[in-house]
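One structure is given here, and the rest of the page talks about it.
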Amino acid sequence: MILAAGRGERMRPLTDRCPKPLLPVQGKPLIAYHLDALAHGGFRDVVVNTAWLGEQIEDHFGHETESGARIQYSHEGKDFGGALETAGGIARALPLLDEVFWIVAGDVYIPHFLFTRACYDKFAASGKLAHLFLVPNPAHNGQGDFGLAPDGHALNQAELRHTYSTLGLFRKAFFAGLPAGNPKGEIVKLAPLLRAAMDRGEVTAELYQGSWTDVGTPERLAALNAAP
């Protein structure tokens, strides 16, 4: 599942007429990097949730990309008038997802990440509820988000914390406390659910050292497009 429902307030005025996941990096829409990488890894069935200007995303890609990704849409804007936050949006899309599924935000640039079957299968066999990919803290998030224990468990509280890349593997059971399909459109944040699951020892993580950018401002987008 690719998260693509946000308004992109910090990206204004660029996002006044274009949803952030469609903004181009090196001539290619941000979200297209994920769609292509997922298809390349053999994960061809993809759910994309939308809200702000979401019809543009469906108009651009339709239901199948040239790389072979087959897209289903969860249109939160059409159904509820706006985005449902991360956990609310995932819960809404659960009927479209497999028991274990990838999650990544449509507005991060992580061009060399490999969505591998080996990683997917390892997590599926682990019995854990979530596995997160953390990255070294960027300048705009110097305090980080979560810690990483020597045994691979993610930590809610830690002296050394890393930044959550928005990329992870999840099991449907992680969202068991929310109504399946989120029929009332409840707005639910992901971070509190993650922190509670970490305290129960149900979340693992690893540190990803490859190129990663949260394309959250026009300046960061310009820097990526100016790179050789």
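Could you list all residues from the stretch 171-207 that are of a type outside the set (Ser, Thr, Tyr) and in a strand (DSSP E or B)?
Result: ARG171, VAL203, ALA205, GLU206, LEU207.
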Filtered residue count, the stretch 114-142, keeping only those that are touching a strand residue (DSSP E or B) at 6+ places or on another chain (Cβ under 9 Å) and touching a residue at least 12 places away in the same chain (Cβ under 8 Å): 19
Residue satisfying all of: in the stretch 58-102; within 21 Å of ARG44 (Cβ to Cβ) and among the aromatic types (Phe, Trp, Tyr); surrounded by the most Cβ atoms within 10 Å (Cβ to Cβ) among these: TRP102
Pairs where the first residue, in the stretch 162-181, is over 25 Å from LEU148 (Cα atoms) and the second is part of a loop (DSSP other than H, G, I, E, B) and of a type in the set (Asp, Glu), C-beta under 8 Å, 6+ apart: LEU178/GLU186; PRO179/GLU186
All positions within the stretch 119-166 that are part of a loop (DSSP other than H, G, I, E, B), among the hydrophobic types (A, V, I, L, M, F, W, C) and farther than 22 Å from VAL100 by Cα: ALA149, ALA158, LEU160
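Residue-by-condition table, conditions (1) within 18 Å of GLU76 (Cβ to Cβ); (2) within 18 Å of the chain's Cα centre (by Cα); (3) without any contact (Cβ under 8 Å) to a residue 24 or more places away in the chain; (4) surrounded by fewer than 14 Cβ atoms within 10 Å (Cβ to Cβ):
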position	(1), (2), (3), (4)
PRO192	no, yes, yes, yes
ARG195	no, yes, no, no
TYR208	no, yes, no, no
ASN225	no, no, no, yes
Spans of helices (runs of 4 or more DSSP H) in the stretch 1-109 with at least 1 residues free of Cβ contacts under 8 Å to residues at least 12 places away in the same chain: 54-61
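Every read-out reported here was derived from the displayed coordinates using simple, explicitly stated rules and does not represent laboratory data. It should be emphasised that the depicted structure is a prediction, and the values quoted were computed from it without experimental measurement. When we count neighbours, we look across all protein chains shown, and the Cβ atoms used for this are built from the backbone with ideal geometry, even at glycine.
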